[in-house]
Each structure stands twice: as structure tokens, then as C-alpha cells.
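Structure first, then comments.
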Amino acid sequence: MKSFLSIQDCTSQELLELLDLSMGLKKLYQSGKRDLCLTGKTLAMLFEKTSLRTRVSFQVAMQDLGGNAIYLKPEDIGIIGQREPAKDMARVFSRYVSGIMARTFKHETIIELDRWATVPVINALSDWSHPCQAMADIQTAMEHFGQLKGLKLAYIGDGNNVARSLAFACAKLDMQFVIAAPAGYELDQETLDTANQISPGCAMQIRNPMDAVRDADVLYTDTWVSMGQEAEKEQRIRDFQGYQINDALLAAAPKRAKVMHCLPAYRGYEITDSVCESAQSVIFDEAENRLHFQRALLKKLIGK
Ligand code: CP
Ligand code: NVA
């Protein structure tokens, strides 16, 4: 494993090992001990878009492991490739740092960085996927249910980057994935076909959120308006009516179900405040697990 660009590229074994390492490091750090495997290593963090969780959790993860992180904010780098080609940036960074983490608009930018970088590249969200988020979510499910096999994740809302990474994660880890999206915002057929090739029958797309949640273990949603789609906001708010995780939808799910959201959450749109604050919500566990999962990822990729 040189880099971490998409869950689709990893084997089930690699993902399970990362989860195992993440839970081990979580225990270690909770007991007050440290693993300084990244002493002397530096991570460059390239952001074309804003961030709270990703930026802070990666920076803390590097510091926790004895290393350093350099934050390059959107104003510093602009769109990768505009001032200088991604292939030049990748080779320059490779002379200075031990790893590159990038949050980009185009997924191809991350692929291009990885093609030319001689150090590991981590996808910290592209328009196509958000693998670190999905793995932190899967870890959260594992911790709450004790196992992953057979768990059903019902995703309500936009067939976006987060939905796609969750579909791949479910396929790789023996879980069921169902998405209920409004017309025009479905998850693409290629993603569903790929998930179903990995694990036959694991991924399904339907229209009605009530049908999706009836026997679900996890109810998941994300913003209706992803970064870069701000101009479509009004139209999207109209089109997504009926796709909110609210008390009525939660009541239609089994009592054991947990509610997840990658955050930031737009209360009153894709999710209500009462659901975010309910006893079934595990949204802050997911946010915390970003740190633990990324520590494991950094140790595996850079800590050699
Ligand atoms: N969930 C997530 O990636 O949050 P940020 O955009 O704040 O990093
Ligand atoms: N789908 C959202 C996720 C934010 C963490 C976006 O891309 O903006």
C-alpha cells in the first residue's frame, strides 16, 4: 500500500488491518502512552477547500506520532495545477516531506499527485470520494455493534463523495448499503456495479427513505450542498424535500439503529437538531474516530 486514494483500491484485509491498528492506537493513547513512529517525518496538507475535522485531526495525528504537519490553505495553493502543474508540485513536495495529504475539487488531481509523488499520498476528500471519513464511520459502527458483518447502512440524501466511499467500504467489509436519493441525485450506476462486483447484492438504490431505514442498523446523511455546489443551493433545497433524517424517519428504523453524519451538519435541512442530539446519534464518535483512523493510516504509510 503506497497511498490511500480510494477504498475501492484497498483489499478487505488491508482495511481490516487498518481498523485493527486504529483501535489499538486509540486504546494506547487513551491509556496515556504514545507511539513516536513518525519522529522526524513531515506531512504536507494541501487544501483547495475549507476544513475543520480533516485539518485538525491530521495535524494532531502527526503531532501525536512525533511528526510535524504543514498546512497549506486554499489561499496559499489555490487550485492545484493553476500556478504550476500537479506533477511538478508532487515532485517538489517529495523532496521535502514524507507524505502528502490533499483535499481537492477534482479526484484526478489526487491521482496525478500520486502518479508523480515518490512519497505516499492521502485523499482528504475529492469531489469523487472521502475515504478517511468512511473508514472512521465504519470504525464507529464496529465499536457500537461489536462487528461489521451483515450490518445494514441506509444512506439518505445526495449520492455524493461520502455516499460513494461508504458504498465501497460496505462492499469490502461484508456490510449492506442502501441509498435513498431523489431523482437526479442518485449514486452513479458504475459505483453501484463496482460495489456489487466486490460483494454480490450488497448495494442497492431505492427512492423511498422510509423503505431504506426499516431494517437498518445505521442511518447516514450528508449535506445536500457539497463544497463547490453553492450556486445550486436553492434548487437543491427544493429537490431534497422529503430526504431529511428527522424524528419520523428515525421512528421508522429499528431501536438499535445509530445515526451518523460526517459533519458539518446543516440542521433543519438534511437532518434535524433533535436527531443530531438524540441518544441514537453517534456523530461526535465519528468525528473523534477521524483522528484514530488517520493515526493508523499515517503509521502504516509513513512510519516505515
Ligand atoms: N467531515 C469532514 O471532512 O469535515 P471537514 O470538512 O471539516 O474536514
Ligand atoms: N459532501 C461534503 C462532505 C463534507 C465533509 C462535501 O464534499 O462538501
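All of the numbers you see were taken from the coordinates with simple rules; none came from a lab. Computed from a prediction, not measured in an experiment: that's the story for all the values here. Neighbour counts run over all protein chains shown; Cβ positions are idealised from the backbone, glycine included.
With the requirement that a residue be basic (Lys, Arg) and under 11 Å from Ile302 (Cβ atoms), what does region 28-42 give you?
Lys41
From the residues in region 229-278 that are in contact (Cβ under 8 Å) with a residue 60 or more places away in the chain and among the hydrophobic types (A, V, I, L, M, F, W, C), which one is nearest to Arg214 (Cα to Cα)?
Restricting to residues being in contact (Cβ under 8 Å) with a residue 60 or more places away in the chain and among the hydrophobic types (A, V, I, L, M, F, W, C), the top hit is Ala253.
Please specify each residue of region 209-223 satisfying the condition of being outside any strand (DSSP E or B) and either surrounded by fewer than 24 Cβ atoms within 10 Å (Cβ to Cβ) or more than 16 Å from ligand 1 (Cβ to nearest atom) (or both).
Within region 209-223, Pro209, Met210, Asp211, Ala212, Val213, Arg214, Asp215, Ala216, Asp217, Thr223 meet the criteria.
In region 48-67, which residues are of a type in the set (A, V, I, L, M, F, W, C) and more than 7 Å from ligand 1 (Cβ to nearest atom)?
Across region 48-67, the qualifying residues are Val56, Phe58, Val60, Ala61, Met62, Leu65.
Does any residue in region 191-220 that is within 19 Å of Ala248 (Cα to Cα) come within less than 8 Å, Cβ to Cβ, of a residue that is hydroxyl-bearing (Ser, Thr, Tyr) six or more places away or on a different chain, and which pairs are these?
So the pair list comes out as Pro209/Tyr243; Ala212/Tyr155; Tyr220/Tyr155.
Among Ala102, Ala90, which is the only one that is more than 30 Å from Ala195 (Cα to Cα), surrounded by 17 or more Cβ atoms within 10 Å (Cβ to Cβ) and out of contact with any His (no Cβ under 9 Å at 6 or more places or on another chain)?
Residue meeting the stated conditions: Ala90.
Could you grab me the full set of residues in region 25-53 that are surrounded by 13 or more Cβ atoms within 10 Å (Cβ to Cβ) and in a helix (DSSP H, G or I)?
Across region 25-53, the qualifying residues are Leu25, Lys26, Leu28, Tyr29, Arg53.
Pairs please, first residue from region 104-118 and part of a loop (DSSP other than H, G, I, E, B), second anywhere and polar (S, T, N, Q), Cβ atoms under 7 Å, 6+ apart in sequence or on different chains.
Listed pairs, sorted by first residue: Thr104/Ser126; Lys106/Ser126; Ala117/Ser94; Thr118/Ser94.
Pull up region 122-147, narrow it to residues that are within 21 Å of Asp188 (Cα to Cα) and not in a loop (DSSP other than H, G, I, E, B), then point me to the one that is nearest to ligand 1 (Cβ to nearest atom).
Out of the qualifying residues, it is Gln133.
Which one of these does Thr39 not meet: (1) touching a residue at least 40 places away in the same chain (Cβ under 8 Å); (2) more than 30 Å from Thr191 (Cα to Cα)?
The number of the failed condition is (1).
Of all residues being small (Gly, Ala, Ser) and outside any helix (DSSP H, G or I) in region 185-208, which is farthest from Phe168 (Cα to Cα)? Just the residue, please.
Initial filter on region 185-208 (small (Gly, Ala, Ser)): 195, 199, 201, 203.
Within this subset, residues satisfying the condition of being outside any helix (DSSP H, G or I) are 199, 201, 203.
On the way: Ser199: 10, Gly201: 13, Ala203: 9 Å.
Result: Gly201.
If a residue must be of a type in the set (D, E, K, R) and surrounded by 12 or more Cβ atoms within 10 Å (Cβ to Cβ), how many such residues does region 234-246 contain? If you could, list the steps in order and put the result at the bottom.
Initial filter on region 234-246 (of a type in the set (D, E, K, R)): 234, 236, 238-239.
After this cut, where a residue has to be surrounded by 12 or more Cβ atoms within 10 Å (Cβ to Cβ) as well, the list is 236, 239.
Count: 2.
Which one of these does Lys172 not meet: (1) of a type in the set (D, E, K, R); (2) within 16 Å of ligand 1 (Cβ to nearest atom); (3) in contact with a helix residue (DSSP H, G or I) (Cβ under 7 Å, 6 or more places away or on another chain)?
The failed condition is (2).
Does Gln13 fit the bill of being without any contact (Cβ under 8 Å) to a residue 40 or more places away in the chain and either out of contact with any strand residue (DSSP E or B) (no Cβ under 9 Å at 6 or more places or on another chain) or not in a strand (DSSP E or B) (or both)?
Judged against the criteria, Gln13 is a match.
(1) within 16 Å of ligand 1 (Cβ to nearest atom); (2) out of contact with any helix residue (DSSP H, G or I) (no Cβ under 6 Å at 6 or more places or on another chain): which one isn't true of Gln82, the others all being true?
Gln82 satisfies all of (1) within 16 Å of ligand 1 (Cβ to nearest atom); (2) out of contact with any helix residue (DSSP H, G or I) (no Cβ under 6 Å at 6 or more places or on another chain) except (1).
Given (1) part of a strand (DSSP E or B); (2) in contact with a Lys or Arg (Cβ under 9 Å, 6 or more places away or on another chain), identify the lone condition not met by Phe58.
So the condition that Phe58 fails would be (1).
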